[in-house]
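Asks: Please read through the structure below; I'll follow up with questions.
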Amino acid sequence: MIVAITGGTGFIGKRLVLRHLAAGDTVRVLTRRPSTNTGLPETVHLYHANLTNSAEDLIPFVDGADVLYHCAGEIRNEACMQAVHVTGTNNLLDAAVNKIGRWVQLSSVGVYGPQFSGIITEETPLNPVGIYETTKTESERLLIQAGERRGIDFSILRPCKVYGPEMRNRDLFQLINVINNGLFFFIGKPGAYANYIHVDNVVEGLVRCGTMSAAQGKIYNIADSRTLEDFVSTISHSLGKPLPTLRLPKPLVTVIVLSLSWLPRWPLTLSRVAGLTSTCIYSNLRIEQELEYRHLHLMEDGLCEIVDLWKQTLSV
């Protein structure tokens, strides 16, 4: 099988590359980097082009691919998000028409917008907030439209927060550090949930979207959810620390955050308070039923892995 991957040098894309190489597939990766600086195995076929330039430059990359995984994304520079997520997707679609088997798009549950309660399914209305979320939503719309009007066979995967080795986001490391130092406290009533997904589970979901006929034209959420109490308990146990017991009312914490937000490196923000008190869950029911998906890494094992990585940073 010939597999083409955008974003193949990134956190998720690189694991996807290795997964397909291990299966004996021919893997193409689109990159702007010099061929000596990708960090990928030499067996990967590199195609040098920029998604945002033109569709014509992308044709050799996509031509004849059985599966095209569109994993490229910009998560830091807001000025580039429109170009990467919208212009880049549009160019890639123009190049891919009648030249690929299936297109699998890596999206995000961010397309639903901020969610603080309830069970979020693929039928939940989209309500993106912020440039990243709105451009990812527009990227999805372009693909769905291409499926309807241009006959592109596609599937979309929407993961929640992705974690694992080599992750760039250090929020989990910060949380581990706070728990280790005995500074963590719960906010509001019990019942909040943590929604995370291990990178290898995301890769498993992508592969199933790319290889199973049932995924054609479908959109799937993928998440692993635990109560915040269980989430923190797993981290505390892995650290050899007692489970935090302090719980403060949300109104009091909100006042504290607003009063002290001017302090340098103040860790709590209103968005983090909202996240630590959210009771929403992202449902996996569709991908489990239709694609027979099951987690390769349970959250308990994944969190222990991250705690071990955090400990290694202390010794560096």
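Asks: I need the trypsin sites (Lys or Arg not before Pro) found in the stretch 102-204, filtered to DSSP loop residues with at most 16 other beta carbons within 10 Å of theirs.
Replies: Listed in order of number, the matching sites are Arg168, Arg170.
Asks: Continuing with the same structure: Which GluC sites (Glu not before Pro) from the stretch 1-110 combine a DSSP loop assignment with at most 12 other Cβ atoms within 10 Å?
Replies: Loop-located and lightly packed - Glu42.
Asks: For the stretch 238-316, which trypsin sites (Lys or Arg not before Pro) are in a loop by DSSP, counting at most 13 other Cβ atoms within 10 Å?
Replies: Qualifying residues, ordered by number: Arg265, Arg294.
Asks: Further question: What number results when the radius of gyration of the chain, computed over Cα atoms, is divided by 2.2 N^0.38 Å?
Replies: That ratio works out to 1.04.
Asks: Using amide H atoms built 1.01 Å from N in the peptide plane, name the residues 5+ places from Ile5, or on other chains, whose amide H lies under 5 Å from its own.
Replies: Arg28, Val29, Leu30, Tyr69
Asks: Another question, then. Considering only the other residues whose Cβ falls under 13 Å of the Cβ of Asn91, what net charge follows from Lys and Arg at +1 and Asp and Glu at -1?
Replies: -3
Asks: Here's a follow-up. Can you pull the percent of the chain's accessible area that's carbon plus sulfur, 1.4 Å probe, other chains left in place?
Replies: 53
Asks: Can you give the translational diffusion coefficient of the stretch 110-186 in µm²/s, computed by Stokes-Einstein from the Kirkwood radius over Cα pairs at 37 °C and 0.692 mPa s?
Replies: For these conditions, the coefficient is 211 µm²/s.
Asks: Averaged per residue, what accessible surface does the stretch 17-76 expose to a 1.4 Å probe, in Å²?
Replies: Here the residues of the stretch 17-76 average 53 Å² of exposed surface.
Asks: Another question, if that's okay. Of the chain, which part is the longest with no chymotrypsin sites (Phe, Trp or Tyr not before Pro) in a loop (DSSP not H, G, I, E, B) and with at most 15 other C-beta atoms within 10 angstrom?
Replies: The segment 1-115 is the longest one with no such site.
Asks: According to a simple spin-label model (label point 7 Å from Cα along Cα-to-Cβ), what is the distance in nm between Glu148 and Asn77?
Replies: Rounded to a tenth, the inter-label distance reads 3.3 nm.
Asks: Determine, from the Cβ-Cβ distance of Met1 and Gln289 and an R0 of 30 Å, the FRET efficiency 1/(1 + (r/R0)^6), rounded to the nearest 0.05.
Replies: 0.75
Asks: May I pose another question? Can you tell me the accessible area per residue over the stretch 120-249, all protein chains present, probe 1.4 angstrom, in square angstrom?
Replies: For the stretch 120-249, the per-residue accessible area is 44 Å².
The values are calculated or read from the model by the stated rules, or taken from the named source; none is laboratory data. Keep in mind it's a predicted model, so treat the numbers as computed, not measured. With ideal geometry, Cβ positions are generated from the backbone for all residues, glycine too; neighbour counts draw on all protein chains shown. With ligands, DNA and RNA removed, areas are computed over all heavy atoms of the protein, side chains included. Shrake-Rupley method; radii C 1.70, N 1.55, O 1.52, S 1.80 Å.
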